Amino acid sequence: MAVYMIYGCATLALLAALIYARKVMAVTIEGKTEEINRFREISGAIEEGAMSFLVSEYKYVALFCCGFAVLIYFALGYVHTEPDFAGLYAAASFLMGAFTSSIAAFMGMHIATKGNVRTAVRARSGIAPAFTVAFQSGAVMGFGLSGLAVFGLITMALIYHELIPDIHIAMEMVTGFGLGGSTVALFGRVGGGIFTKAADVGADLVGKVEAGIPEDDPRNPAVIADNVGDNVGDIAGMGADLFGSLAEATCAALVIGASAAAIAGSSDALYYPILVSAIGIPVCLVTALMARVTETNQDVEKTLKKQLVISTVLMTVAMWFLTHEVMVDEFILNGQTISRNNVLTSLLAGLWGGLIIGFVTEYYTSHSYRPVREIADASKTGSATNIIYGLSLGYKSSVIPVIVIALVVFLSWYSAGMYGIAMAAIGMISTIAVGLTIDAYGPVSDNAGGIAEMCELEAQVRERTDILDAAGNTTAAIGKGFAIGSAVLTGLALFAAFLTSSGIETLNLLSPVVFAGMLAGTTLPMLFTAQTMRAVGLAAFAMIEEVRHQFRTIPGIMEGHGRPDYKRCVAISTTAALREMVAPGILVVLSPLLFGILFGIEALAGMLAGAIGVGVVMAVSSSNAGGAWDNAKKYIETGVHGGKGSDTHKAAVVGDTVGDPMKDTSGPSLNILMKLMAIISLVFAPFIQAAHSWIESILGM
């Protein structure tokens, strides 16, 4: 029964994505001939830049994935004598995960770049029609990605269940699917983050601070690159990140569950983790159909946040019935007797924990509340005090989310052991279709505002798109909270699966090997953050020089007669992103392999624990500080403290510029570090153990 339900829900998701895509494309681009030509020119430049970057980036990703698949083939083929072709199975699963994640990114990007201009056009008629187009554009990514992920997971699980007699090894082979998705996410998050922030920083510092021109002003050469970056970072990058979380958490639950005889003996119970994500699809579809904004009720932010609450409530009810229908009465795992109610408790802990983290994030990043307004007040005395207050907010804002995650981990572990942690991670990501819809809605609305500005539409059009964009900024911050929380739980679930696969029942923190490994692990998020922040700085430097050069050398550019060279700025961001994403990628991929081979599996376990512990605090504080700086600037732009153009506003722009790489590059990219290191350790665990034993035998240890 479970298999049929999973395929049915995956099909429903893909059909929903297709219907939403057709609705978006059915919106006609209307206006005067000159306006229509301008619409197509600007939106075409954004689409061309986004697709060009994605194609260039994925060429490098494809080469890396092919090389990594060869490594998987030989490494796992060497250590697995049973089954035959184990290395081939794992490599094929890895490539399938990478391919599926890439297809989802291209699909979401294509519709987003079509939906932005249509949102701008519909904003002429009012907020309600513009909201509908933007929301439907985001829904293509939300439901398309969910459907592809669920379809790929169940297909790989069924194939390997049939081909490999040992169910535990079969599910270990499926983990390659999650590894492939997360590998694409690494480059999508890091590369996309570097691209978007290089353009954003260059556009802000030279255009808004030095030249004093508005945001998205067509005279700014970096403005197209900035709009392109919104898509590659916040749509393709975020989508790949959440795809990885969904696939990896599910793979962890499959591996751990296969160790329990009662679960392994029931196909419905075995595939229960995939079924949870599948059932989230119709729940999210029902929720999405309730998203309504009218001309009399223009509270877009409230409408979007209600989506998160409604989907959580509906998912709670659905999972109560589903768990009692599908899950076995009880099973034994590592000597612990676990009932279906224990599993349900773990699942709901993750589901509601994610919602709490999201709203705590909103409190610290929305200018409706005191913390962000304090940053705005601090801007009155300059950029230094703005930055000091923002850093303070970021550090403080990490406390409650980390405590919530700790409570979720404790409750899920107490209820269902390692399996409970994996189910908590799946619970937090189970409403991904709605969450990703809202996340993708934001860049579409932002781009619509940019197009309205560049096409010099009526002032009320930009006012309406700004309302849509403001709501998108708040929900984007909430989405980052969800993404970080799910990444931590996914990392812990993979960590638990890694311990299970390696035969480690307990870790002794007093062991010098484990403790030293943990200390080494704490440095990795710091080094990774340093690399990504520096990468944005280097790329932004080149962008700033180019924008200044064009302002100096292109005749009539400031008067609106000269045409900026937009393509040059897009090329600078593309080149910088592709070059600078290499070093962080190497750090994440090679660290667990080399450390485990040299120092052993327990030292590697300590390293993973240290990296996850520091990574979650760094990710939350970086993302929230950046979001708070951004919204403090927007709060001042509403007219307080002198409004746009004032010294207070210029100080806030500097703070926002510092926060940009923190909230859109380094912070979100730490999600990938926590997950990818853990799943690499899980996939390569048998090889790491064999290689370390070989080194010990050579050294006579």
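The values are calculated or read from the model by the stated rules, or taken from the named source; none is laboratory data. Everything numeric here is computed off the predicted structure, so don't read it as measured data. Cβ placement follows ideal geometry from the backbone for every residue including glycine, while neighbour counts extend to all protein chains displayed. Heads up: the accessible areas ignore ligands, DNA and RNA and are worked out on the full protein's heavy atoms, side chains in. Shrake-Rupley method; radii C 1.70, N 1.55, O 1.52, S 1.80 Å.
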- Message: Working only with C-alpha atoms, what are the Rg and Dmax values of the range 333-462, expressed in angstrom?
- Response: 20.8, 68
- Message: Using C-alpha positions alone, give me the convex hull volume of the range 146-234 per residue in cubic angstrom.
- Response: 91 Å³
- Query: For the range 151-298, with the dipole built from +1 on Lys and Arg beta-carbon atoms and -1 on Asp and Glu ones, taken about the Cα centre, which of 207, 225, 264 lies farthest toward the positive end?
  - Reply: 264
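Go through 41, 30, 637 and list them by solvent-accessible area, largest first, probe radius 1.4 Å. The partial results should precede the final answer.
Values: 41 75, 30 115, 637 45 Å².
Result of the area sort, largest leading: 30, 41, 637.
P(r) tail for the range 496-547, what percent of Cα pairs lie past 18 Å?
Numbers: 790 of 1326 pairs.
When every Cα pair of the range 496-547 is considered, 60 percent fall beyond 18 Å.
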- Message: Projecting each Cα onto the charge dipole of the chain (Lys/Arg +1, Asp/Glu -1 at the beta carbon, about the Cα centre), which of 112, 61, 188 comes out farthest on the positive side?
- Response: 112
- Please express the shape of the range 1-117 as an equivalent ellipsoid: the semi-axes are the square roots of 5 times the eigenvalues of the C-alpha gyration tensor, given largest first in whole angstrom. 41, 22, 5
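Please compute the Kirkwood hydrodynamic radius over the chain, one decimal place, Å, based on all pairs of different Cα atoms. Don't skip to the answer; put the middle values down first.
Numbers: mean 1/r = 0.0399 Å⁻¹.
Taking the inverse mean of 1/r over all distinct Cα pairs, the chain comes out at 25.0 Å.
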- So what's the Cα pair-distance distribution over the range 219-262, bin width 10 Å, in %? 24, 26, 20, 15, 10, 5, 1
- Task: Run the numbers on the range 152-261 and let me know its relative contact order in percent, using alpha-carbon pairs under 8 Å that are six or more apart.
- Result: 39 percent
- Per residue, what volume in Å³ does the convex hull of the Cα atoms of the range 41-190 enclose? 101 Å³
- Message: What's the magnitude of the charge dipole for the range 1-128 around its Cα centre, counting Lys and Arg as +1 and Asp and Glu as -1 at the beta-carbon? Answer in Debye, nearest 20.
- Response: 620 debye
- Query: How big is the Kirkwood radius of the range 358-420, worked out from every pair of different alpha carbons and given in Å to one decimal?
  - Reply: 13.5 Å
- For the chain, what is the relative contact order in percent, using Cα pairs closer than 8 Å and at least 6 residues apart in sequence? 21 percent
- Item | At 0.692 mPa s and 37 °C, Stokes D of the range 399-505 from Kirkwood alpha-carbon radius, µm² per second | 204 µm²/s
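Using the Kirkwood radius built from alpha carbon pairs, what does the Stokes-Einstein equation give as D for the range 211-287 at 20 °C and 1.002 mPa s, in µm² per second? Kindly include the intermediate steps, with their values, before the conclusion.
Values: Rh = 16.1 Å.
Approximately 133 µm²/s, per Stokes-Einstein.
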- If the convex hull of the alpha-carbon atoms of the range 485-624 is projected onto planes in all directions, what is the mean projected area in square nanometres? 11.0 nm²
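Quick one: Cα convex hull volume of the range 255-295, Å³ per residue?
Cα-based convex hull of the range 255-295, divided per residue, equals 57 Å³.
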- Query: Using bins 10 angstrom wide from zero, how does P(r) for the range 444-534 break down, in % of all Cα pairs?
  - Reply: 13, 22, 23, 17, 12, 9, 3
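Heavy atoms only, 1.4 Å probe, whole protein assembly: order 119, 155 by accessible area, highest first.
Working: 119 0, 155 35 Å².
Result of the area sort, largest leading: 155, 119.
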- Item | Residues of type lysines that residue 663 reaches as a straight line, Cα spacing below 22 Å, ignoring anything fewer than 8 places off in the same chain | 197, 208, 305, 396, 480, 633, 634, 650, 675
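On the protein heavy atoms, probe 1.4 angstrom, tell me the percent of accessible surface of the chain carried by carbon and sulfur.
Values: 15170 of 23970 Å².
With neighbouring chains kept in place, the figure for the chain is 63 percent.
Express the accessible area of the range 44-157 per residue in Å², computed with a 1.4 Å probe while the remaining protein chains stay in the model.
Numbers: 3720 Å² over 114 residues.
On a per-residue basis, 33 Å².
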- Task: Please give the per residue accessible area of the range 350-426, computed with a probe of 1.4 Å over protein heavy atoms only, in Å².
- Result: 42 Å²
- Query: Per the Kirkwood definition applied to all pairs of different Cα atoms, how many angstroms is the hydrodynamic radius of the range 386-434?
  - Reply: 12.6 Å
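Just the projected area, averaged over all directions, of the convex hull on the alpha carbon atoms of the range 270-383: how many nm²? Walk me through the numbers before you get to the answer.
Details: hull surface 45.4 nm².
So the mean shadow area of the Cα hull is 11.3 nm².
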- Item | Ranked by how many other beta carbons lie within 10 Å on average, peptides 438-447, 127-136, 298-307 from highest | 438-447, 127-136, 298-307
- Between the alpha carbon centres of the range 295-351 and the range 463-515 the gap in Å comes to 18 Å
